[in-house]
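S.K.: Structure below; questions to follow.
The values are calculated or read from the model by the stated rules, or taken from the named source; none is laboratory data. All values reported here derive from a predicted model rather than from experimental measurement. Glycine gets a Cβ as well: all are built from the backbone with ideal geometry, and neighbour counts include every protein chain shown. Quick note on the areas: whole protein, heavy atoms, side chains included, nothing else; ligands and nucleic acids left out. Shrake-Rupley method; radii C 1.70, N 1.55, O 1.52, S 1.80 Å.
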Amino acid sequence: MIGCIVTAFPMAIFMAYAGTAWDNAKKFIEEGHLGGKGSLAHHAAVIGDTVGDPFKDTAGPSLNTLVTVISQIASLFAPLFIAYALIAA
């Protein structure tokens with residue numbers, strides 16, 4: 001469970017920042033920088049934003065659900081683990 005939390009927290013932070021960065025890059029190009037709309041940079045930014053939207057909208061927050069499910073599973077099986085540890089000892 002500790003490994004899940006330690007891994008999920010940095011992953012959620014990464015996904016939130018990466019998704020926001022890709023979205024802001026597209027907005028920056030659409031303002032007229034790096035060729036503006038219709039340029040090759042804009043086409044690449046649209047593809048990046050397509051990847052970035054799920055990152056910031058769904059993938060990061062879904063890690064919260066993952067941690068919750070892992071915690072519930074650990075709580076459910078804790079008595080079994082304790083009982084097995086007492087028998088094996």
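S.K.: Using Cα positions and a limit of under 18 Å, work out the lysines in reach of Lys37, with same-chain residues fewer than 8 apart set aside.
M.R.: Lys37 reaches Lys26, Lys27.
S.K.: Once both axes come from the Cα atoms, what is the angle between helix 60-88 and the longest principal axis of the chain, in degrees from 0 to 90, rounded to 10?
M.R.: Approximately 20 degrees, to the nearest 10.
S.K.: Moving on to the next point. For the chain, compute the orientation-averaged projected area of the C-alpha convex hull (one quarter of its surface), in nm².
M.R.: Averaged projected hull area, Cα only: 6.9 nm².
S.K.: Here is a further query. Give the accessible surface of the chain per residue, rounded to a whole number of Å², with probe radius 1.4 Å and ligands, DNA and RNA excluded.
M.R.: Ligands and nucleic acids excluded, the result is 71 Å² per residue.
S.K.: Taking only DSSP H segments of four or more residues, each worth -39500 (n - 2.57), what value at 222 nm results for the chain once the sum is divided by all its residues, to the nearest 500 deg cm²/dmol?
M.R.: It lands at -29000 deg cm²/dmol.
S.K.: Using Cα pairs under 8 angstrom and six or more residues apart, how large is the relative contact order of the range 1-84, in percent?
M.R.: 41
S.K.: Oh, and also: What distance in nm separates the two pseudo spin-label positions at Leu80 and Asp57, each 7 Å out from Cα along the beta-carbon direction?
M.R.: 3.8
S.K.: Another question, then. Ordering Val67, Val51 from largest to smallest accessible area (1.4 angstrom probe), what's the sequence?
M.R.: Solvent-accessible surface, decreasing: Val51, Val67.
S.K.: Using a 1.4 Å probe over the heavy atoms of the protein chains, calculate the carbon and sulfur portion of the accessible area of the chain as a whole percent.
M.R.: With neighbouring chains kept in place, the figure for the chain is 74 percent.
S.K.: Starting from the 7 Å offset along Cα-to-Cβ, what nm value, one decimal, do you get for the label separation of Thr65 and Thr20?
M.R.: 2.3
S.K.: Then there is this: Relative to the first principal axis of the alpha-carbon coordinates of the chain, what is the inclination of helix 2-30, with its axis defined by its Cα atoms, in degrees from 0 to 90 and to the nearest 10?
M.R.: In the chain, helix 2-30 runs at an angle near 10 degrees to the longest axis.
S.K.: Now for a different question. Give the shape of the range 10-59 as rounded, prolate or oblate, defined through the alpha-carbon gyration tensor: a ≥ b ≥ c are the square roots of its eigenvalues, a/c under 1.5 means rounded, and otherwise the shape is prolate if a/b is larger than b/c and oblate if not.
M.R.: Prolate is the answer for the range 10-59, as a/c is 1.5 or above and a/b outweighs b/c.
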